[in-house]
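Notes follow once the structure below has been shown.
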Amino acid sequence: ARAIVLGVLLVIACYLAANWAYFSLLPFEQVTGSKSLAADAVGTRLPEAARRLTALALCVSAFGIANAQLLTTPRVYYSLAREGLFPKLLGELHHQSGVPRAAILLQTVLAISLLWIAGGDRMDQLVTGVVFVDWVFHILAVGGLFLVRRRGEPAPEYRTPWWPLPPLIFLVGAIVGLGATFLDPQVRQASLLGVAWILVGVAVYFAQAKFARTTR
C-alpha cells in the first residue's frame with residue numbers, strides 16, 4: 001500500500017510539474033492546440049535538434065506502453081475464453097511457445113483495424129477515444145467496490161480507508177471529466193468513437209453468450 005500511495009503521489013507531482021512547464025513556456029492557445037506539446041515546449045528554449053530528440057524520446061516511451069498492452073490484453077482474451085465468455089480458440093496456448101497466439105493475433109487485427117479506420121490524420125482522435133474507453137472501465141472497476149461491499153464482509157484487499165469517500169471522490173471526478181469531453185467539439189468525436197467501440201464490444205459479448213448457450 002505504501003508503494004502504491006507514494007507512486008501515485010510521485011506521478012501526480014511529475015504531471016503537475018510538466019504542465020507547469022508547458023504553460024510557462026507556451027501560450028494557452030498553443031498548449032491546447034499542440035500535437036507534440038513536450039517537443040514544442042523544449043523548442044522554445046533549446047535548438048531544433050533538442051525538439052526532435054524530445055519527440056523521439058516520446059515515441060520510444062510509447063513502445064513501453066505498447067509492450068505492456070501486448071503482454072496483458074491478449075491474456076484477458078485468453079482468460080475470458082477459458083471462462084466460456086469468448087470463443088474457445090482464444091483460450092488455447094501454442095504448443096511450442098506456450099503463448100496465447102490466437103489472442104495475440106486478434107489483438108493485432110483489432111489494432112491495425114483501428115489504425116486503418118482512424119487514418120494518419122486522425123491519430124490524436126484515436127488516442128483520445130482509447131483513453132475515453134480506459135476511463136470508462138476505471139469507473140466500472142472502482143464502482144465494483146460498492147458491489148463487493150454490498151455482498152458482505154470484504155476481503156482484506158478490498159478494504160478502503162475512509163470508506164466510502166475515496167471511491168466516491170474518484171467516481172465524481174472521473175464522470176465529470178468524461179462528461180466534459182462531450183462539451184469540447186474537438187474532443188466530442190473521439191469520445192463518441194470510444195462509446196461506439198464499447199457498444200460494439202457489448203454486442204459481441206451478447207452474441208458470443210447466445211452462441212455459447214445454443215451450442216451446449
Handout entry: Selection within region 49-59 - open to solvent by less than 90 Å² (accessible area, probe 1.4 Å) and either of a type in the set (Val, Ile, Thr) or more than 16 Å from Leu26 (Cα to Cα) (or both)
Key = Ala49, Ala50, Thr54, Ala55, Ala57, Leu58, Cys59
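Among the helices (runs of 4 or more DSSP H) contained in region 102-216, which hold 3 or more residues that are more than 30 Å from Ala1 (Cβ to Cβ) and touching a residue at least 40 places away in the same chain (Cβ under 8 Å)?
Helices (runs of 4 or more DSSP H) meeting the threshold: 123-150, 185-214.
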Fill in the blank from the handout: By residue number, the members of region 16-43 that are open to solvent by 70 Å² or more (accessible area, probe 1.4 Å) and within 17 Å of Val127 (Cβ to Cβ) are Thr32, Lys35
Exercise for the section: Quick one: which residue in Leu71, Leu89, Leu46, Leu93 is within 30 Å of Val31 (Cα to Cα) and either open to solvent by 80 Å² or more (accessible area, probe 1.4 Å) or touching a residue at least 24 places away in the same chain (Cβ under 8 Å) (or both)? Expected result: Leu46
Exercise for the section: Just give me the residues in region 103-147 being loosely packed, with under 12 Cβ neighbours inside 10 Å, at pLDDT below 85 and among the β-branched types (Val, Ile, Thr), in sequence order. Expected result: Ile117
Practice task
May I ask you to list the residues in region 169-197 that are surrounded by 13 or more Cβ atoms within 10 Å (Cβ to Cβ) and more than 18 Å from Asp124 (Cβ to Cβ)?
Solution key: Phe170, Leu171, Ala174, Ile175
Practice task
Return yes or no: is Leu80 over 30 Å from Arg188 (Cβ atoms) and either open to solvent by less than 90 Å² (accessible area, probe 1.4 Å) or touching a residue at least 24 places away in the same chain (Cβ under 8 Å) (or both)?
Solution key: yes
Handout entry: Count of region 207-216 residues which are at pLDDT 80 or above and either closer than 30 Å to Gly33 by Cβ or surrounded by fewer than 10 Cβ atoms within 10 Å (Cβ to Cβ) (or both)
Key = 0
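The values are calculated or read from the model by the stated rules, or taken from the named source; none is laboratory data. This one's a predicted model, so the numbers in the text were calculated from it and none came from an experiment. Neighbour counts run over all protein chains shown; Cβ positions are idealised from the backbone, glycine included. The accessibility values were calculated without ligands, DNA or RNA, using every heavy atom of the protein model including side chains. Shrake-Rupley method; radii C 1.70, N 1.55, O 1.52, S 1.80 Å.
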